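The structure under discussion appears below in the form of C-alpha cells.
Every number in this text was worked out from the coordinates using simple rules, so none of it is lab data. Keep in mind it's a predicted model, so treat the numbers as computed, not measured.
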Amino acid sequence: MGDMRTILRDYKTSLIALLLAAVVLLAAAYFLPESTSSQSPELGVASLSPKGAAGGAVIPASCGSPHSGDMCTPPTVSCLPTSVNQGGSSTCTWSCPSRQTSAGIGFSTGGANSGSTEFNPPSSGDYGAQCSGGGQTTVTITVYSPNLTLTATPGRVRSGNSASITWSASAVTGCALKNPSGGTIGTGLSGTVAQTITQESTYTLTCTTTAGDTSKSVTIGIIPSIEPF
C-alpha cells in the first residue's frame, strides 16, 4: 500500500512538472522578441509598377501609400514641361536614396541611381521613377493632340496669278495664318484667303494650345515661263 502511495505521489509530481514546463515554453514563445535578421522586413507585394512586371521591381506591401518604411523612401522626381503637344519633349530628372538603383516609369533610366533624360511622351499619363528599395514617385504629363490642315490650290501658279490658301484646326485655342514676310493674313480655326503669287512662297499656320504653339506650312511654287526663241 505504501508503495502504491509513493508511485501516485511521484506521478503527480511529474505531471505538475510537465505542466509547468509547458506553461513556461508557451510564455517564452509569446513574450520573447522574434529573432532579428539583416534583411529588410518589407515582405509581400502591394502592387506592380504602372508598366507591370516588365516595368521594374514590385512595390513591397509594407511600403503602403504613400510609401514609408526602412527601404521605401521615394525618389525625388521632376519633369518639365508637364504639358506638351504631340511629338514634343519633356525632361525628367530623378534621384533615388543612396546605393539604390532605379527603374523608369514611362521612360528609361538605365538603372542609374540618379540622372536626367529627355523623351517624347506618347500620351497623357504618369511618368517617373521607382527605386530598388520600393519607393516610387511620378509626375503627370499632359499631351495635347492638335490637328492642323493647310492646303494651297493650286500648288503651282504662273507669276502674277493667285492661289487660295485654306486652313482648319481642332484641339487648339486659336490660329493665325502668316505670309512669307511674317504678316498675318488670316485668323480663326478655319478659313480661306486668296494671294497673288510672284515667286515661290511659303505660308505658315500657327495655332496655340495650353502646351504652346504648333505650326504647319505650305509652299506655293512658280511655273516657269517659256520664252520664245
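Numerical summary
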{"quantity": "For the stretch 115-130, Karplus couplings with θ = phi - 60° (6.51, -1.76, 1.60), whole Hz, Gly/Pro x", "calculated": "x, 8, 9, 9, 8, 10, x, x, 7, 5, x, 9, 10, x, 9, 10"}
{"quantity": "Residues whose placed amide H lies under 5 Å from that of residue 76, excluding near-sequence neighbours", "calculated": "95"}
